[in-house]
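Novice: Attaching a single structure in structure tokens format; questions to follow.
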Amino acid sequence: MRRYIVRRVLASIPVLAVVAIITFGILHLTPGDPAEVIAGPDARPEDVEAIRTRLGLDRPAIVQFGNWIGSLAQGDLGVSAFSGQRVTSLIAERIGPTVSIAVLAAVFAISLGIPLGVLAAWKANTWIDRTVMLFAVLGLSLPAFLLGFVIMWILGIKFQLLPVAGYARLSEGFGEYLKYLVLPSLTASLTLMALITRMTRASTLEVLREDYIRTARAKGLQERLVLFRHALRNAALPILTVVGFGLAFLVSGLVIVESVFAVPGMGRLLVDAIRQRDYSIIQGVVLTVSVFYVLVNLTVDLLYSYVDPRVRY
Amino acid sequence: MVGITLGEDHSIRAVTQAPSGNSTAAENGQRPVVLELDGLRAHFATPQGIVKAVDGVNWDVREGETVALVGESGSGKSVTALGIMGLISPPGKITGGRILFGGRDLAQLSQEEMRNIRGHQIAMVFQEPMTSLNPVLTVRRQMTEGMEVHLKMRPKEASERAIELLTLVGIPDAKRRMHEYPHHFSGGMRQRVMIAQALSCNPKVILADEPTTALDVTIQAQVLEVMEGLAHRFNTATVIITHNLGVVARYARRVNVMYAGRLVETGNARDIYTNPQHPYTYGLLQSVPRLNEPRKTSLIPIEGSPPDLARLPQGCAFRPRCRFAVERCGQETPLMALVGPAHAAACWVAASPGGLPK
Ligand SMILES: Nc1ncnc2c1ncn2[C@@H]1O[C@H](COP(=O)(O)OP(=O)(O)O)[C@@H](O)[C@H]1O
Ligand code: SF4
Ligand SMILES: [Mg+2]
């Protein structure tokens, strides 16, 4: 088991290397000369040249990459071409809201999606199943921002239960912090929740036909134990895979959710940086999100072997 | 000691005692009946028609004794056992008859009442040891959960009993091995785990559905030996379900033979083996090797295959395959009739004065 973990962790290193190369490539693969964009339309040629020299853009790509990796290794993501602020501190400032929304959204999606999926499978082909699946289809087919507006309108404007925009830091009190998080998190979670519900239903339905489920019932176990101890763990592998992929979608969806609910997170940082062609920030955000993807994948893989002992090497 | 009674459908029923347990053990010197099927029916409503998987079956089993339920694959043995457990899944359901156990009719109980009986008072061992244990739970977890639910044992107490039981069924080093998963055990060992689990709550009855069919011949005998030894020791009644009459020769006191959802012959094991009366039983005996006899030189399988249970022919269901058939067989369904002491068969020819020509 320990050897498997070590091997799996080592295997993510080449992936991270590829991520680094692609992130660096953003600068060179996007159309337009970064120095010209930064200098602005009215800049004189010597100003553009100065910027090019300052950013090291005049040197060979391989040297630039070497320097970039060198500073990356020291945790330095460079500075914003416009504000001159360090990219690491800009990200640090904006990562809190994004991570909070992502975590709460994942909690919503998993803690509601799995029981709903199990329920639908257990009551397969009854009105309960059909109702749950109708919501799952809606959750998958409607775009997140539309759902966001609907939820915002119902909970925030019609019933005035929750604030519709903004963000409160944890230092302003946990209740306040949570109040601002609920709407964006719920919105961000819906697609993933629908995905998890569907996968849980399909996977559980299959498992419920297995002989060992009949054995569990023959033991006189309560249905709760039959479903959650015997069926769900066997149904877990495909669900885990969906959770892993789904988290990636969820994070990309945050760009929109943060705009709808005016949350000052990384999504907003990224949108602003793209508008201004602030390459260091774009690279920093992309890199952070990619590292997050790799970590999620690693965790999912390790969970596989925890959930299903036959996966152990 | 045989009582002859008239069944629902006016067939003669040969049971070892009058139904409903109204004569006591002391009266006739026999052990009391623990489980009795009285005209049990279980049908599946399928698009192809109503499949009469179990169609009016009577038999009983007494405290601590072993009876066999025998028949080819598809004759309704598993559905009978699942019916007793209340585990027939849709589109199947019990459509008639009674399952008398502990003074109650199990067919009338609620799901929750049945749940309290399952695994506690009546336990079941399934055919496929490879798929009947949960692959992602340890053997310990699967051994102890029944005891925790029914006997309200604490995990530690249940674990200790699990070690004892696993040792009793012949799993070496049980204390360590019970923390492993089913895929670490061989087929025979898994079936021992199933048996230990089934015995864990001291059930009154064990329904063993083809418990050794999936195992190697040498392992089959060992596993049966273990199961029968423990059932005897704990005074648990066992119903061994099998398609192989040879397998149960040594253990069963009585044998009930099923064909196409009905009982076709019932009798003490010795009579069934030495003097089978129904042509189907006769065929079954010819077609299987016996564990306790030297291998026969030739085994003769029964020709043809079991009928479609949704479209049973008129008359005797066995007629298309029967070499003794007479005209009446195609017109009227034969009813159970005594063919000897404590021995009955549902066959027109067997019931005729001359009996079955041999
Ligand atoms: N789920 C089902 N749907 C329809 N028919 C079924 C189903 N399960 C069992 N049957 C019918 O019941 C008959 C008896 O099955 P079973 O009790 O499993 O036979 P046995 O255990 O004697 O081999 C089968 O031949 C089949 O026609
Ligand atoms: S009743 Fe007729 S067809 Fe049926 S088993 Fe007896 S002889 Fe054969
Ligand atoms: Mg069967």
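Novice: Just tell me how shielded B:137-144 is by partners: mean number of partner chain Cβ atoms within 10 Å of each residue's Cβ, no decimals.
Specialist: 2
Novice: Among all helices in chain A defined by DSSP H, which have a length of 24 Å or more along the axis from Cα atoms plus a Kyte-Doolittle mean of at least 0.5?
Specialist: A:2-29, A:87-122, A:174-207, A:232-260, A:279-307
Novice: While we're looking at this one, here's another question. Order these by the 10 Å Cβ neighbour count, fewest first: B:HIS43, A:HIS230, A:HIS28.
Specialist: A:HIS28, B:HIS43, A:HIS230
Novice: Excluding residues on the same chain fewer than 8 positions from A:LYS179, give the lysines whose Cα lies under 27 Å from its Cα.
Specialist: List returned: A:LYS158.
Novice: Which of the peptides B:132-139, A:58-65 is most tightly packed, and how do the rest follow, going by the mean number of other Cβ atoms within 10 Å of each residue?
Specialist: In decreasing order of mean packing, B:132-139, A:58-65 become B:132-139, A:58-65.
Novice: Here's a follow-up. Counting alpha carbon pairs within less than 8 Å and at least 6 residues apart, what relative contact order, in whole percent, applies to chain A?
Specialist: Relative contact order for chain A comes out at 26 percent.
Novice: Determine by what factor the alpha-carbon radius of gyration of the protein assembly as shown differs from 2.2 N^0.38 Å, reporting the quotient.
Specialist: Taking N as the residue count of the protein assembly as shown, the ratio is 1.35.
Novice: Taking the simple approach of a point 7 Å from Cα along Cα-to-Cβ for both A:PHE174 and B:HIS184, what is their distance in nm?
Specialist: Those two pseudo-labels are separated by 4.0 nm.
Novice: How would you rank B:THR242, A:THR197, B:THR333, going from fewest to most other Cβ atoms within 10 Å of each one's own Cβ?
Specialist: If I rank by nearby Cβ atoms, fewest first, I get B:THR333, B:THR242, A:THR197.
Novice: Here's a follow-up. If you take the charge dipole of region A:2-73 about its Cα centre, with +1 on Lys and Arg Cβ and -1 on Asp and Glu Cβ, which of A:LEU27, A:GLN64, A:TYR4 is farthest toward its positive end?
Specialist: Farthest towards the positive pole: A:TYR4.
Novice: Using Cα atoms only, what is the angle between the long axis of helix B:155-168 and the major principal axis of chain B, expressed in degrees (0 to 90) to the nearest 10?
Specialist: 60
Novice: Could you give the distance between the Cα centres of region B:102-135 and region B:238-267, to the whole Å?
Specialist: Centre-to-centre distance over Cα atoms comes out at 21 Å.
Novice: Oh, and also: Would you work out which of A:ALA248, A:LEU142, A:THR200 lies farthest towards the positive end of the dipole of chain A? Charges go on Cβ: Lys and Arg +1, Asp and Glu -1.
Specialist: Of A:ALA248, A:LEU142, A:THR200, it is A:THR200.
Novice: Can you tell me the 0 to 90 degree angle between the C-alpha axis of helix B:187-199 and the longest principal axis of chain B, rounded to 10?
Specialist: The answer is roughly 90 degrees.
Novice: What is the calculated FRET efficiency for A:LEU295 to B:MET130, with r their C-beta to C-beta distance and R₀ = 35 Å, to the nearest 0.05?
Specialist: 0.40
Novice: By a straight-distance test (C-alpha under 16 Å), which lysines pair with B:LYS52 as possible cross-link partners, with residues fewer than eight away in the same chain excluded?
Specialist: Qualifying lysines at Cα under 16 Å: B:LYS77, B:LYS93.
Novice: Using Cα-Cα distances under 8 Å and only pairs 6 or more residues apart, what relative contact order does chain B have, in percent?
Specialist: Dividing the mean separation by the residue count of chain B yields 20 percent.
Novice: Here is a further query. Find, among the chymotrypsin sites (Phe, Trp or Tyr not before Pro) in region A:74-181, those assigned to loop by DSSP (not H, G, I, E, B) with at most 15 other beta-carbon atoms within 10 angstrom.
Specialist: A:PHE82, A:PHE159
Novice: Right, something else. How charged is the neighbourhood of A:ILE114? Take every other residue with its Cβ under 13 Å from the Cβ of A:ILE114, and add Lys/Arg as +1 and Asp/Glu as -1.
Specialist: Net local charge, A:ILE114 excluded: +3.
Novice: Can you find, among B:GLY102, A:SER89, B:GLN142, the residue farthest towards the positive end of the dipole of the protein assembly as shown? Put +1 on the C-beta of Lys and Arg, -1 on that of Asp and Glu.
Specialist: Comparing the listed Cα positions along the dipole, B:GLY102 ranks first.
Novice: While we're on this one: If the reach is capped at under 23 angstrom between alpha carbons, list the lysines near B:LYS152, excluding any in the same chain fewer than eight residues apart.
Specialist: A:LYS219, B:LYS175, B:LYS204
Novice: If you average 1/r over every pair of different alpha-carbon atoms in region B:59-201 and take one over that average, what Kirkwood value in Å do you get?
Specialist: This gives a value of 16.6 Å.
Novice: Can I ask one more? Using only Cα atoms, figure out Rg for region A:187-313 and give it as a multiple of 2.2 N^0.38 Å.
Specialist: Cα Rg divided by the expected 2.2 N^0.38 Å: 1.42.
Novice: Among A:ARG198, A:ARG268, B:ARG254, rank each residue by its count of other Cβ atoms within 10 Å, from fewest to most, as a rough exposure measure.
Specialist: A:ARG268, A:ARG198, B:ARG254
Novice: How many Å³ per residue does the convex hull of the Cα positions in chain B occupy?
Specialist: 144
Novice: Would you mind giving the mean number of other chain beta-carbons within 10 Å of the Cβ of each residue in B:128-135, as a whole number?
Specialist: 5
Novice: Assigning unit charges at the beta carbon (Lys, Arg +1; Asp, Glu -1) and nothing else, what dipole magnitude in debye, to the nearest 20, does chain B show about its Cα centre?
Specialist: Rounded to the nearest 20 debye, it is 420 debye.
Novice: Report the charge-dipole magnitude of region A:2-73 in Debye, nearest 20, computed about the Cα centre from +1 at each Lys and Arg Cβ and -1 at each Asp and Glu Cβ.
Specialist: The dipole magnitude comes to about 980 debye.
Novice: What number, in nm² with one decimal, is the all-direction average of the projected area of the convex hull of the alpha-carbon atoms of region A:2-73?
Specialist: That works out to 5.9 nm².
Laboratory data are not the source of any read-out in this text; all were calculated from the coordinates shown. Here the structure is a predicted model, which is why all the values come from computation and not from measurement. Reconstructed Cβ throughout: ideal geometry from the backbone, glycine too, with neighbour counts over all protein chains shown.
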